[in-house]
Each structure stands twice: as C-alpha cells, then as structure tokens.
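Step one of this worksheet: look at the structure below.
Every number here is computed from the coordinates shown, using simple stated rules; none is lab data. If you're wondering where the values come from, they're calculated on a predicted model, not measured in any experiment. So basically every Cβ, Gly included, is an ideal-geometry build from the backbone, and we count neighbours across all protein chains shown.
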Amino acid sequence: MFEISSWKHLRIPFSFYLLPVFIFAWAVSGDAEIANVVLVFLTLHLFLYPSSNGYNSYFDKDEESIGGLKSPPKVTKGLYTLSMVFFLVALLLGLGINYSYSLMMLVYGLVSMAYSHPAIRLKKYAYISWITAGMFQGYFTFCMAYAGLTGGGWKVFLMQAVYIPGILTTIILMGSYPLTQIYQHREDKKRGDFTLSISLGILGTFIFAAIWFIFSGIGFVGYFKWAGETWATWVFLGAMLPVILYFFTWFYLVKSNPTKYVTYDWAMWMNRISAFALNFFFLYYLIKGTE
C-alpha cells in the first residue's frame, strides 16, 4: 500500500485533465458556498479520480505508456488496497455535503471499476466503453459536481440548465476519448481489448475526433446563444485555436509517418493543450459570470 509505485499509479496530477468539467459546473452553479467548492474539488480530484486511476491500473497491468505515466511501474496488491482507501475517503468526505452526492460518487466509482475489472471489463467493447466513458466523465460528472456545489440531489440530472451543459461536456469527451487510446493499440490488442481507436484505425481515429470536435464547437456556440452569453463565443473559439492547430498539425504528421508520430508524447501534449485551453476558458467564464 505504501510502495512508491502504488502512489505513482494514482496519477493525481492527471486529474488536471478533468478539471474543466468541475470549473464549468462551478460557473453554471452560480454562487456556490466556498466550503462546497473546496469539498467537491477534494473529493473528485484528490480522491475519486486517483482511486479510479489506481484501480484500473491494478487490473490493466500495463507495461507500456498510459495516461500520465510514460513508464508505469509494475503494480502490486498494495495498489488495489490504496485505491480502495482513496475511494472510501472520497465517499466519507462526500457525506459532508449530503448523502446524494456521496451516492453519486459511489455510482461513478462502480462504473469505473466495471471499465477494467476482468469480470465485466467494459474497456474491451469499443462502443460501449466509448459511450460509458463519455457519459460518466462528462454529463454524469458535471451533474454530480453541480449537485455537490449547490447541495442538491438527483433531481439536478433532469434540470435543463444543468443537463444541457452536461451533455456538451460529454460531446467534447466523445471526440477526445479515442485519441487517448491511439498509441496503445499494441498493448490493448495483447490483452484482447478491442478499443474504439483500434476499431477506427489510426487515420479513422483522427477523422472521428474531428467530427465530434466540430459538433462540440457548434454545441457550445448554440449554448452561449441560448444562455444569452454570446460574448463567450469568441473567447471560447479563441481558447480552442491552439487545440485546433495542434490537432491538425499532429494529424498531418501522422499521415506522413504514423510510426514516428503516433506516440505517448504527442497524445499527452494534445491532452495538455486541451486541458489548459478549457481550464483557461472556463475560469474566465466563471469570473465573468460573477461580475
């Protein structure tokens, strides 16, 4: 449990890539109490997500690069225990908001476990895993964060002001999800995991992602118009410009030499640029909304 390798597999810094969902939910929630903001951030980003990372790493037993770890160390039984401790801490801290929020995290955690556990292993089913990851890391997490920030319950999942931006976060993830698998084809095939990126192929993965990125752009522009916040459209598009430029540069290079450019480093830089751009935009959106 206390091995350095186990703590590395929690990949706590990797939670940064899911931070945009939390900030967006905070911006939409309005004047959330600071105690709730701190508690939701801690439960999600320091305990729930790392718990999920560690649990999935334990059952995947990857030998090649994974998200957040270029050279993952071998897993031990202590990693399983540590991931469960982090999961329990997340649930207990969540009770500080209410039972509904804690139960939402329980549901998220169980679905995440089903993603990699050999008894179910959703990861080996290309489209089921894609839909599950997109819905739970996007829409479900957005609604869960909103519920925690506002102290609400399960009814938030049916509130139009919540589920519309929640669905938008899912649309973004629908495009980025297969890109996170693009450099793992060899390892996934070795384990018998038929991921979406394998199904689409290298070039197909890029085309598929581009289509969903276009959908997300149209969706956000429509959302800002619907919310009477057209000022946010140009800021959003400006923030996304570095992401678009990197994506198409990468795509161009991959077409010329897939072996050289379909790598962990290129994929991680795509994640970093996207996360920085979205975090910047949603922080601005949050600050602007409080003026």
For region 1-159, what is the relative contact order in percent, using Cα pairs closer than 8 Å and at least 6 residues apart in sequence?
-> 31 percent
Compute the Cα gyration tensor for the chain, then decide on rounded, prolate or oblate, letting a ≥ b ≥ c be the square roots of its eigenvalues: rounded whenever a/c is under 1.5, prolate when a/b is larger than b/c in the other cases, and oblate in all that remain.
-> oblate
Taking the chain as a Gaussian network, Cα atoms linked when under 10 Å apart, which of 151, 238, 109 shows the biggest mean-square fluctuation?
-> 238
Excluding residue 161 itself, calculate the net charge of residues whose Cβ lies under 14 Å from the Cβ of residue 161, where each Lys or Arg counts +1 and each Asp or Glu counts -1.
-> 0
In deg cm²/dmol, rounded to the nearest 500, the helical mean residue ellipticity at 222 nm of the chain, built from -39500 (n - 2.57) for every DSSP H run of length 4 or more, is -22500 deg cm²/dmol
Which pairs break 21 Å Cα to Cα here: 70/189; 124/255; 77/189?
-> 124/255; 77/189
By Kyte-Doolittle mean hydropathy of at least -0.5 and Cα axial length of at least 18 Å, which whole DSSP H helices of the chain are selected?
-> 77-94, 99-116, 160-176, 202-226, 231-256, 264-290
Segment residue 34-residue 77, length gained on full extension (0.36 nm per residue, minus Cα span) | 11.7 nm
Compute the length gained on full extension between residue 249 and residue 92: take 0.36 nm times their separation in residues and subtract their Cα-Cα distance, giving the result in nm to one decimal.
-> 52.0 nm
Kirkwood Rh, angstrom, region 63-135 [1 / mean 1/r, Cα pairs] = 14.2 Å
Express in whole angstrom the spacing between the alpha-carbon centres of region 1-77 and region 207-222.
-> 26 Å
Under the definition of Cα pairs under 8 Å and six or more residues apart, what whole-number percent is the relative contact order of the chain?
-> 22 percent
Which one of 90, 133, 161 has the biggest mean-square fluctuation once the chain is modelled by GNM with Cα springs under 10 Å?
-> 161
In the neighborhood of residue 236, defined by Cβ-to-Cβ distances under 13 Å, what is the net charge if each Lys or Arg adds +1 and each Asp or Glu adds -1?
-> +1
Net charge (Lys, Arg +1; Asp, Glu -1) of residues whose beta-carbon lies under 15 Å from that of residue 113, residue 113 excluded, is +2
Across 186, 121, 272, the residue with the highest GNM fluctuation in the chain (Cα network, 10 Å cutoff) is 186
